[in-house]
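Student: Got a structure here, written out as structure tokens. Questions coming.
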Amino acid sequence: MSINRYPLTFSIIFIFMFAMLICFFKRSSEEQILPQTYQALNFPVLEVRTDGAKIIKSKENYRNGEYTLKDSDGTIIAEDKCKIRGRGNSTWTTIDTNKHSYLLKIKEPKSFFGFAKSDKWILMSNVTDKTSIRNVYAYHIARTIFDKTGWVPQTKFITLVVNGKYMGLYGFMEKADLQEGRIELPETKSFLAEVNPRLNRAWNFISSQFLELSIRKKEGADAQYYQNAQNVILNFENILFSDYFKDEKKGYRAYIDVDSFVDWYLVNEYTKNHDARFQASCFFTWNEKENKFHMGPVWDFDISCGNYSKRDADKPEGLWIQSEAWYARIWEDEWFRAKVAARWNEKVMDVSKSVDWIEEKADFLTDAANLDDKVWLRFGYRQWPNAPGYKERKTYRDEVDYLTDWCKRRIDWLSAEFNAYSR
């Protein structure tokens with residue numbers, strides 16, 4: 001008598017897969033962190049209370065509520081009505097990144113921590129970066145070293161508490177918007193655009209070079225404004241990919257702010273920022289008065305500095321940005337390559353010293369990061385984007401050491417590479 005073993009096999013496979021899913025979804029501790037524990041960190045505390053203590057589970061729909069922001073000594077900075085919803089893309093769709101980011105919209109625009117006044121603030125979880133430093137490090141470089149990319153977002157580390165529950169270490173961060181004190185474009189036809197594969201902004205189109213682009217919303221703008229922006233971009237691509245693209249007067253050089261293109265490239269090339277190959281979150285502006293494109297602001301560096309396991313993104317060696325889209329074409333121009341090499345050589349000592357800045361920031365964050373890990377269980381665990389060696393890095397210090405070692409090796413490799421361009 002024969003026995004059909006397939007149902008048993010399928011049952012075992014199903015049970016195994018179900019168990020794995022539970023492990024992913026349960027990647028958080030049941031331990032309750034008491035107020036006196038997180039208050040002892042001496043970080044500002046943002047308390048958000050949704051109406052009816054409803055869970056924040058959507059990126060599209062806001063929950064109404066109230067917020068209270070307290071300084072590190074417990075003094076109330078501000079409190080009022082608010083709305084809150086999820087924010088982010090991959091971190092909301094990847095099953096092993098369940099510490100989410102949020103968008104906080106407050107009733108009245110306010111200035112916090114010396115930042116420009118606004119009614120919208122990002123609560124950045126930094127879930128894909130176990131050091132929580134990569135974003136702020138790149139912004140530090142763009143603000144103090146390669147400083148020609150325009151406005152750079154500012155971040156203040158805080159403790160987030162939602163409906164009385166400790167949520168962990170977060171960044172209270174400025175949002176990339178067209179507004180006073182952030183990205184300012186006073187000329188009538190000037191615009192802010194981004195590479196955006198989701199094509200979900202005010203105006204979206206695919207360029208002649210197959211870039212998925214969005215024109216960001218500008219208050220009071222009509223359809224003609226957005227159509228003009230699209231035409232300006234398409235015209236620039238025609239010039240950039242023409243036979244005369246290197247011509248000083250007719251080619252692309254006449255239509256770009258060179259310093260911003262160089263510095264944006266260097267911030268993203270040094271950090272080997274995964275998305276910066278014109279895949280997502282790459283911003284640029286066009287200034288009507290100058291008739292020029294500016295690269296920037298720099299944005300989104302959680303998957304950088306060795307924090308990605310595919311396409312050799314984890315390796316400190318190898319060029320990265322120059323292989324895709326506009327920069328692939330621009331890189332064919334030896335004049336631009338020389339500009340990049342000269343700027344790197346001018347600033348490389350400052351870049352080397354910036355690794356000390358990482359160490360200082362890590363010392364400041366250690367206790368908060370360790371408390372965060374008690375809830376989210378990140379160190380030593382699989383968590384997208386699964387940087388190589390994550391199983392062996394079981395402490396916050398291990399993750400910081402991985403980051404600083406990667407940066408030092410990257411600096412050495414780029415210095416050798418760019419020195420060759422100067423010979």
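The values are calculated or read from the model by the stated rules, or taken from the named source; none is laboratory data. These numbers come from a predicted model, not from an experiment. In this analysis, Cβ positions are derived from the backbone assuming ideal geometry, glycine residues included, and neighbour counts consider all displayed protein chains. The protein model used for the area step is the full one, side chains on, heavy atoms only, and it has no ligands, DNA or RNA in it. Shrake-Rupley method; radii C 1.70, N 1.55, O 1.52, S 1.80 Å.
Student: Can you report the number of residues in the stretch 78-96 which are hydrophobic (A, V, I, L, M, F, W, C) and surrounded by fewer than 18 Cβ atoms within 10 Å (Cβ to Cβ)?
Tutor: The first filter runs over the stretch 78-96 and keeps only residues hydrophobic (A, V, I, L, M, F, W, C), leaving 78, 82, 84, 92, 95.
If we keep only those that are surrounded by fewer than 18 Cβ atoms within 10 Å (Cβ to Cβ) as well, we get 78, 92, 95.
Total meeting the criteria: 3.
Student: Continuing with the same structure: Which one of the conditions (1) in a strand (DSSP E or B); (2) open to solvent by 10 Å² or more (accessible area, probe 1.4 Å); (3) under 15 Å from ASN287 (Cα atoms) does PHE205 fail to meet, given that it meets all the rest?
Tutor: (3)
Yes/no per residue for (1) assigned to a helix (DSSP H, G or I); (2) acidic (Asp, Glu):
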position	(1), (2)
GLN209	no, no
GLN224	yes, no
GLU248	no, yes
VAL267	yes, no
ASP275	yes, yes
THR285	no, no
PHE293	no, no
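Student: For the stretch 64-76, how many residues are assigned to a strand (DSSP E or B) and either without any contact (Cβ under 8 Å) to a residue 24 or more places away in the chain or open to solvent by 70 Å² or more (accessible area, probe 1.4 Å) (or both)? Let's see the steps before the verdict.
Tutor: To start, the set of residues in the stretch 64-76 that are assigned to a strand (DSSP E or B) comprises 64-70, 76.
Pick out the ones that are also either without any contact (Cβ under 8 Å) to a residue 24 or more places away in the chain or open to solvent by 70 Å² or more (accessible area, probe 1.4 Å) (or both) and you get 64-66, 68, 76.
Here the count works out to 5.
Student: On the given criteria, is ALA78 modelled with pLDDT of 95 or more and over 20 Å from GLU174 (Cα atoms)?
Tutor: Numbers: modelled with pLDDT of 95 or more: yes; over 20 Å from GLU174 (Cα atoms): no.
No; evaluated as a whole, the condition is false for this residue.
Student: When you scan the stretch 382-420, how many residues do you find that are among the basic types (Lys, Arg) and not in a loop (DSSP other than H, G, I, E, B)? Let's see the steps before the verdict.
Tutor: Filtering the stretch 382-420 down to residues among the basic types (Lys, Arg) leaves 382, 391, 393-394, 397, 408-410.
Add one more test, that the residue is not in a loop (DSSP other than H, G, I, E, B), and what stays is 397, 408-410.
So the answer is 4.
Student: Under 6 Å between Cβ atoms, which residue pairs at least 6 apart in sequence (or on different chains) link something in the stretch 149-173 that is farther than 15 Å from VAL127 by Cα and open to solvent by 10 Å² or more (accessible area, probe 1.4 Å) with a partner that is assigned to a loop (DSSP other than H, G, I, E, B) and of a type in the set (Asp, Glu)?
Tutor: GLN154/GLU174
Student: Would you check which residues across the stretch 208-247 are touching a strand residue (DSSP E or B) at 6+ places or on another chain (Cβ under 9 Å), surrounded by fewer than 13 Cβ atoms within 10 Å (Cβ to Cβ) and modelled with pLDDT under 95 and list them?
Tutor: Passing the criteria: only GLU219.
Student: Please pick out the residue among LYS99, LYS57 that is open to solvent by less than 30 Å² (accessible area, probe 1.4 Å) and either among the hydrophobic types (A, V, I, L, M, F, W, C) or at pLDDT below 95 (or both). Steps first, answer last, please.
Tutor: Values: LYS57 fails: open to solvent by less than 30 Å² (accessible area, probe 1.4 Å).
Criteria check complete, one pass: LYS99.
Student: Is at least one residue of the stretch 81-95 at positive phi and part of a loop (DSSP other than H, G, I, E, B)?
Tutor: As a first pass, look at the stretch 81-95 and keep what is at positive phi: 88.
Within this subset, residues satisfying the condition of being part of a loop (DSSP other than H, G, I, E, B) are 88.
So far as the stretch 81-95 goes, yes, one or more of its residues are at positive phi and part of a loop (DSSP other than H, G, I, E, B).
Student: List every residue pair whose Cβ atoms sit under 7 Å apart, with the two residues 6 or more apart in sequence or on different chains, where the first one lies in the stretch 331-342 and is part of a loop (DSSP other than H, G, I, E, B) and the second, anywhere, is surrounded by 14 or more Cβ atoms within 10 Å (Cβ to Cβ).
Tutor: Listed by first residue and then by second, the contacts come to TRP331/GLN322; TRP331/ARG337; ASP333/LYS246.
Student: Here's a follow-up. For the stretch 127-141, check the following and say yes or no: at least one residue is at pLDDT below 95 and open to solvent by 20 Å² or more (accessible area, probe 1.4 Å).
Tutor: no
Student: For VAL262, all conditions in the list (1) under 21 Å from SER354 (Cα atoms); (2) part of a helix (DSSP H, G or I); (3) under 19 Å from the mean Cα position of the chain (by Cα) hold save one; what is the number of the exception?
Tutor: Answer for VAL262: the failing condition is (3).
Student: For the stretch 110-125, which positions are of a type outside the set (Ser, Thr, Tyr) and open to solvent by 10 Å² or more (accessible area, probe 1.4 Å)?
Tutor: Matches in the stretch 110-125: LYS110, PHE113, GLY114, PHE115, ALA116, LYS117, ASP119, LYS120, MET124.
Student: Would you point out the residue of the stretch 346-373, among those that are farther than 14 Å from HIS140 by Cα and β-branched (Val, Ile, Thr), that is farthest from the chain's Cα centre (by Cα)?
Tutor: VAL348
Student: Report whether or not SER354 is in a loop (DSSP other than H, G, I, E, B) and open to solvent by less than 50 Å² (accessible area, probe 1.4 Å).
Tutor: On the way: in a loop (DSSP other than H, G, I, E, B): no; open to solvent by less than 50 Å² (accessible area, probe 1.4 Å): yes.
In short, no.
Student: Residues of the stretch 133-153 being among the hydroxyl-bearing types (Ser, Thr, Tyr) and touching a Gly at 6+ places or on another chain (Cβ under 9 Å), which ones?
Tutor: Within the stretch 133-153, the subset among the hydroxyl-bearing types (Ser, Thr, Tyr) is 137, 139, 144, 149.
Once the filter is applied, which keeps residues that are among the hydroxyl-bearing types (Ser, Thr, Tyr) and touching a Gly at 6+ places or on another chain (Cβ under 9 Å), the stretch 133-153 yields only THR149.
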